[in-house]
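Below: the structure, in structure tokens.
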Amino acid sequence: MPGVLRTARLTLEPVSWRNLPEVTAIKANPGAFSTMLGGIRSHQQVETEMAQDLAFRSRFRTGMFVIRENNHVIGLTGLHERPDGRGIALRFAIYPSASGRGLASEAAGTALRHAHSVGIRRVVAIARDTNVASRKVLGAIGMRPCDTFMRDGHEMLVFESIQDSFV
């Protein structure tokens, strides 16, 4: 499949309509998605986001990916345009059963490198100050804190990765 990214342990498959049931399950799972902007999603919300993800991919040659380990879906990662205007953002969410083995860092790092390779110079990511696991992943893949803001009574940390062009 075009656009598939591979690591030693994972396959990152660009999301498509055929992944709708898998993406819906992840986005409805509180353990995987409750701390994401907007929280867990309904089927209708996932359909709307899928259309947005596919439009993003057609514009930027990258986007969201389903993460597979041994052909089993364990999460999502990739890029989207933040609705708050902060820019193009990296997202990742994995099922709790897949956490603790470095898979989120492996997948998110691959998606970040791919974004830079297709010409996206600056990528941001947002994590709650209390979300230590996400903050560790973002640090492990080379993203650095650059700003903070408050959302719904929570301090949110903005991380960024800037790829300077090598001319």
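The values are calculated or read from the model by the stated rules, or taken from the named source; none is laboratory data. Keep in mind the model is a prediction, meaning the values are calculated, not measured. Here the Cβ positions follow ideal geometry from the backbone for every residue, glycine too, while neighbour counts run over all protein chains shown.
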Any hit, region 76-86, residues being of a type in the set (Lys, Arg), within 19 Å of Gly119 (Cα to Cα) and assigned to a loop (DSSP other than H, G, I, E, B): yes
Condition check for Ala140: surrounded by 14 or more Cβ atoms within 10 Å (Cβ to Cβ), of a type in the set (Gly, Ala, Ser), in contact (Cβ under 8 Å) with a residue 60 or more places away in the chain and within 25 Å of Thr11 (Cβ to Cβ): no
Residue within region 95-116 that is outside any helix (DSSP H, G or I) and under 20 Å from Pro14 (Cβ atoms) present: yes
Near pairs, Cβ below 6 angstrom, 6+ apart or cross-chain, from region 36-56 (farther than 26 Å from Ala133 by Cα) to any residue that is assigned to a helix (DSSP H, G or I) and of a type outside the set (A, V, I, L, M): His43/Thr24
Output for region 39-84, where each listed residue is β-branched (Val, Ile, Thr), closer than 29 Å to Asp152 by Cα and surrounded by 15 or more Cβ atoms within 10 Å (Cβ to Cβ): Ile40, Val46, Val66, Ile74, Thr77
Among (1) in contact with a helix residue (DSSP H, G or I) (Cβ under 8 Å, 6 or more places away or on another chain); (2) farther than 22 Å from Val23 by Cβ; (3) aliphatic (A, V, I, L, M), the one test that Met156 misses: (1)
Any hit, region 39-60, residues being under 25 Å from Thr7 (Cβ atoms) and in a loop (DSSP other than H, G, I, E, B): no
Among the candidates Thr110, Thr130, Thr148, residue that is surrounded by fewer than 17 Cβ atoms within 10 Å (Cβ to Cβ), among the polar types (S, T, N, Q) and at pLDDT 95 or above: Thr148
Residue that is nearest to Val46 (Cα to Cα) [pool: residues in region 74-93 that are among the aliphatic types (A, V, I, L, M) and at pLDDT 95 or above]: Leu76
Matching residues, region 99-137, being under 16 Å from Ile67 (Cβ atoms), touching a residue at least 40 places away in the same chain (Cβ under 8 Å) and touching a Ser or Thr at 6+ places or on another chain (Cβ under 8 Å): Glu106, Ala107, Thr110, Ala111, Leu112, His114, Ala115, Ser134, Val137
